[in-house]
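Asks: Following this message is one structure expressed as C-alpha cells.
The values are calculated or read from the model by the stated rules, or taken from the named source; none is laboratory data. Remember, predicted model here, so these are calculated numbers, not experimental data. Note that we place each Cβ from the backbone using ideal geometry, even for glycine, and neighbour counts take in every protein chain shown.
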Amino acid sequence: MIEPPTLGQRLARGVCRGLGSLDFAPMTELTLASGLRADVLALGPRGEIWIVECKSGRSDFATDRKWSGYLAWCDRFFWAVDAAFPVEILPEASGVILADGFGAEIERMPVEMPLAGARRKALTQRFARVAAGRLRLLHDPGSVDRELP
C-alpha cells in the first residue's frame, strides 16, 4: 500500500514547482558534506544555491535544532510553511516561502550571504553527481549508486 505524502513532502513538492518556475533546479533530500540533509536545495540560473527547510507546524519548527547548520551551505536560506503556519515565529533574517502541494510563493526574501568559491564548486559538483545518479536509477533501477542517500 502506498502511503499518502506527509505535509512536509507536499510542501517540498510545491517548493520544487515554485522554484522551477523561477528557473531554479531543485532537488529534495540532498545530504551535505556536513551530514545534514537539506529538504530542498536549489541551484539557480547564475549558480546561486538556496536551501529550503520545510516545516509542517509550530512543533516541527520548535524541535528543529539543526537549521542554523544549513546557513554555511547556501547563499540564501528559506523556511517553507503552509498558510496556517504562524510565520511571526520564524527568524527574521531567514526567507519565507508559502507552499502547498501544488506550488509556492516567496513571501520574504532573506539577505544573501554568498558562499566561498571552493564550497560553491564542491556543492555544485555534489548536486550534479547526485542528480545524475538519481536519473540513472530511473533508467536502471537495479544499478548501485554510492552518492545517493
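Asks: Are there any pairs with C-beta distances below 9 angstrom linking a residue in the stretch 89-104 that is touching a residue at least 60 places away in the same chain (Cβ under 8 Å) and farther than 14 Å from Ile51 by Cβ to a residue that is loosely packed, with under 15 Cβ neighbours inside 10 Å and not hydrophobic (A, V, I, L, M, F, W, C), with the two at least 6 apart or on different chains, and if so which?
Replies: Ala99/Glu105; Gly101/Pro5; Gly103/Ser21; Ala104/Ser21
Asks: Moving on to the next point. If I go through the stretch 21-57 residue by residue, how many of them are at pLDDT 95 or above and either basic (Lys, Arg) or within 18 Å of Gly8 (Cα to Cα) (or both)?
Replies: The total comes to 20.
Asks: Please work out which residue is surrounded by the fewest Cβ atoms within 10 Å (Cβ to Cβ), limiting yourself to the stretch 1-58 and to residues that are assigned to a strand (DSSP E or B) and of a type in the set (Asp, Glu).
Replies: Out of the qualifying residues, it is Glu29.
Asks: What residue, of Ala128, Ala118, Ala72, Ala83, is over 16 Å from Gly18 (Cα atoms), touching a residue at least 12 places away in the same chain (Cβ under 8 Å), of a type in the set (A, V, I, L, M) and surrounded by fewer than 16 Cβ atoms within 10 Å (Cβ to Cβ)?
Replies: On inspection, the qualifying residue turns out to be Ala72.
Asks: Please go through (1) on the phi > 0 side of the Ramachandran plot; (2) touching a residue at least 12 places away in the same chain (Cβ under 8 Å) for Gly35 and return the number of the only condition it doesn't satisfy.
Replies: Only one criterion is unmet by Gly35, namely (2).
Asks: Which ones in the stretch 41-74 are of a type outside the set (D, E, K, R), under 21 Å from Ile89 (Cβ atoms) and more than 11 Å from the chain's Cα centre (by Cα)?
Replies: Scanning the stretch 41-74 gives Ser56, Gly57, Ser59, Phe61, Ala62, Thr63, Trp67, Ser68, Gly69, Leu71.
Asks: Run down Met109, Met113 and say which single residue is of a type in the set (A, V, I, L, M), touching a Gly at 6+ places or on another chain (Cβ under 9 Å) and modelled with pLDDT of 95 or more.
Replies: That would be Met109, the only listed residue that is of a type in the set (A, V, I, L, M), touching a Gly at 6+ places or on another chain (Cβ under 9 Å) and modelled with pLDDT of 95 or more.
Asks: Here's a check for you: in the stretch 116-149, which residue that is outside any helix (DSSP H, G or I), under 18 Å from Ala33 (Cβ atoms) and not basic (Lys, Arg) is modelled with the lowest pLDDT?
Replies: Pro149
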